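Below is one structure, written out as structure tokens; comments come after it.
The values are calculated or read from the model by the stated rules, or taken from the named source; none is laboratory data. Keep in mind it's a predicted model, so treat the numbers as computed, not measured. Don't worry about glycine lacking a Cβ; one is built from the backbone with ideal geometry, like all the others, and counts go over all protein chains shown. Quick note on the areas: whole protein, heavy atoms, side chains included, nothing else; ligands and nucleic acids left out. Shrake-Rupley method; radii C 1.70, N 1.55, O 1.52, S 1.80 Å.
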Amino acid sequence: MISVIIAAKNASKYIRETIESIRKQNIKDIEIIVVCDSCTDNTKQIAQEFCCKVAEVNFSCISKTRNAGLNFASGEYILYIDADDILNENSIFALYNEFIKDTSIEAVFGMTQDFISPELSDTDKTKLKARTDNYFGMLAGASLIKRNVFEKIGTFNESLKSGEIIDFQIRLKQKNINIKKIPVVISKRRLHNDNFGRTNKQQEFKDYLSILRTKINKQN
């Protein structure tokens with residue numbers, strides 16, 4: 001089974017489209033887990049409409065939310081996706097097929113494509129800059145990871161309010177996890193006014209510095 005974990009905080013505006021993109025995948029043995037962090041909208045109700053598993057946490061950082069989803073998951077393979085992003089058709093199979101071809105692989109990373117959310121006003125759209133090229137580097141939405149990898153390197157660092165993906169990728173490399181990258185666009189990353197990186201730039205910069213200091217100290 002593949003467990004798809006969606007971290008959600010008042011995500012009713014976009015999460016329906018996210019879940020629908022998962023439901024359209026051509027792999028049947030998928031469970032969807034929506035982790036609601038102090039949601040006050042109808043995110044939970046939408047998840048239940050789609051028969052998703054629902055876990056709830058209170059006022060947690062994204063790392064705690066994702067870890068809660070992992071604890072709730074029963075799959076051998078884990079895929080994280082944000083509640084405003086979209087999976088392309090057949091993308092989970094594209095990731096999973098690499099494990100079938102080579103059983104030594106422990107994680108598969110695909111590519112991400114930016115898009116500006118279409119409902120935004122023309123003024124708001126001009127404030128956002130989507131990358132013109134597809135890119136690697138985003139953990140959420142574009143990777144499939146064997147569950148036992150988390151036993152080897154640990155879960156997401158709950159002391160970080162942002163930058164947890166970079167921290168996680170550093171530990172993947174430090175533990176020599178066998179990673180395969182494929183030039184396939186797996187997910188579409190939605191750009192809108194409330195993206196975490198736009199609203200929490202100061203915290204993100206602070207956490208990146210903390211990650212860098214930790215890495216340097218371990219090397220010395």
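Numbers at a glance
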| read-out | value |
| --- | --- |
| Sole exception among (1) within 23 Å of I179 (Cβ to Cβ); (2) open to solvent by 70 Å² or more (accessible area, probe 1.4 Å) for A142, by number | (2) |
| Matching residues in the stretch 100-127 - criterion: being out of contact with any Leu (no Cβ under 7 Å at 6 or more places or on another chain), open to solvent by less than 50 Å² (accessible area, probe 1.4 Å) and hydroxyl-bearing (S, T, Y) | T112 |
| Of all residues in the stretch 12-33 being in contact with a Ser or Thr (Cβ under 7 Å, 6 or more places away or on another chain) and assigned to a strand (DSSP E or B), the one that is nearest to Y80 (Cα to Cα) | I33 |
| Number of positions in the stretch 44-81 that are in contact with a helix residue (DSSP H, G or I) (Cβ under 9 Å, 6 or more places away or on another chain), farther than 21 Å from K188 by Cβ and among the charged types (D, E, K, R) | 4 |
| Pick from the stretch 156-183, criterion crowded, with 16+ Cβ neighbours inside 10 Å and polar (S, T, N, Q), ranking: farthest from the chain's Cα centre (by Cα) | N157 |
| Qualifying residue in the stretch 43-63 (condition: under 13 Å from the mean Cα position of the chain (by Cα), of a type outside the set (F, W, Y) and either in a helix (DSSP H, G or I) or surrounded by fewer than 17 Cβ atoms within 10 Å (Cβ to Cβ) (or both)) | yes |
| Selection count, the stretch 1-30, where residues are within 15 Å of the chain's Cα centre (by Cα) and open to solvent by less than 20 Å² (accessible area, probe 1.4 Å) | 13 |
| Filter pass, G137 being open to solvent by less than 70 Å² (accessible area, probe 1.4 Å), part of a loop (DSSP other than H, G, I, E, B) and either hydroxyl-bearing (S, T, Y) or over 23 Å from S74 (Cα atoms) (or both) | yes |
| Members of the stretch 14-30 found to be touching a helix residue (DSSP H, G or I) at 6+ places or on another chain (Cβ under 9 Å) and over 14 Å from C51 (Cα atoms), listed by number | S21, Q25, N26, I27 |
| Boolean, C36 is exposed (fewer than 15 other Cβ atoms within 10 Å of the Cβ) and without any contact (Cβ under 8 Å) to a residue 60 or more places away in the chain | no |
| Test: residue in the stretch 82-95 that is surrounded by 18 or more Cβ atoms within 10 Å (Cβ to Cβ) and closer than 19 Å to N157 by Cα | yes |
